[in-house]
Amino acid sequence: QVKLVESGGGSAQAGGSLRLSCAASEDTFSSYSLGWFRQAPGEEREFVAAMNWRGDGIYYADSVKGRFTISRDNAKNAGYLQMTSLRPEDTAVYFCAAGPPGVVAGTEDKYDHWGQGTQVTVSS
């Protein structure tokens, strides 16, 4: 099964930017949908963004719409989350996930494979 590894997390000032990457272990990554979720301390994991296997179906949580951009490069078996205009409330562990190819969904149960997460901390 595909293994996912996130990277690119770190610290940023409010208003700054970070780019997260999700590296997949298999060339079959191109046949999976891609999702990004996050979990803040003491909170449930929540949906951030999703993209289908072809990249032509995209869905964002209202809280990040206009600030975050999801993308993928199937030739590199990688997915990305470009985060701009960061806010302290964006502080969380960010997870990438892979699911069936046509999925563009905001619920965790649609995704079968998960990375271990990367910490993002935004200070005011």
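The values are calculated or read from the model by the stated rules, or taken from the named source; none is laboratory data. From a predicted model like this one, the values you see are computed outputs, not experimental measurements. Counting neighbours? That spans all protein chains shown, and the Cβs are built from the backbone with ideal geometry, glycine included. Heads up: the accessible areas ignore ligands, DNA and RNA and are worked out on the full protein's heavy atoms, side chains in. Shrake-Rupley method; radii C 1.70, N 1.55, O 1.52, S 1.80 Å.
With Cβ to Cβ distances under 15 Å as the rule, what net charge do the other residues near Phe29 carry (K, R +1; D, E -1)? Could the numbers behind the result be given before it?
Values: positive: Lys3, Arg54, Arg72, Lys76; negative: Glu6, Glu26, Asp27, Asp73, Asp112.
Net charge in that neighbourhood comes out at -1.
Need the list of lysines near Lys3 for cross-linking: C-alpha distance under 25 angstrom, and skip anything on the same chain fewer than eight residues off.
Counting by Cα, and skipping residues close in sequence, Lys3 has these lysines nearby: Lys76, Lys110.
When ranked by the protection proxy of mean other Cβ atoms within 10 Å per residue, highest first, what sequence do the peptides 32-43, 102-113, 7-18 form?
On the way: 32-43: 19.5, 102-113: 15.8, 7-18: 14.2.
Ranked by mean Cβ neighbours within 10 Å, highest first: 32-43, 102-113, 7-18.
Find the accessible area per residue for the chain; the probe is 1.4 Å, ligands and nucleic acids are left out, and the unit is Å².
Working: 6000 Å² over 124 residues.
I get 48 Å² per residue for this part.
Report, by chain and number, residues whose modeled amide H sits under 5 Å from the one on Arg87, excluding near sequence neighbours (fewer than 5 apart, same chain).
Residues meeting the amide H criterion: Gly15.
Report in % the part of the accessible area of the chain that belongs to carbon and sulfur, leaving out ligands and nucleic acids; probe 1.4 Å. Present the calculation step by step, with values, prior to reporting the outcome.
On the way: 2840 of 6000 Å².
Carbon with sulfur: 47 percent of the solvent-accessible area.
How long are the semi-axes of the equivalent ellipsoid of the range 70-119, taking √(5λ) for every eigenvalue λ of the Cα gyration tensor, in whole Å from largest down?
Largest first, the range 70-119 gives 21, 15, 11 Å.
Explain nothing, just the number: dipole magnitude of the chain about its Cα centre with +1 on each Lys and Arg Cβ and -1 on each Asp and Glu Cβ, in debye rounded to the nearest 20.
Details: 11 positive and 14 negative charges, 69 e Å.
That gives the chain a dipole magnitude of about 340 debye.
Determine the order of Tyr59, Tyr80, Tyr94 by accessible area, beginning with the largest, at a probe radius of 1.4 Å.
Tyr59, Tyr80, Tyr94
Bin width 10 Å, origin at 0, all Cα-Cα pairs of the range 22-124: what percent of pairs per bin?
16, 52, 28, 4, 0
Based on the Cα gyration tensor of the range 1-48, what are the three equivalent ellipsoid semi-axes, each the root of five times an eigenvalue, rounded to whole Å and given largest first?
Ellipsoid half-lengths, sorted descending, are 24, 15, 9 Å.
On a 1.4 Å probe surface of the protein chains, which of Thr28, Thr118 comes out largest in accessible area, and what is the full order?
Thr28, Thr118
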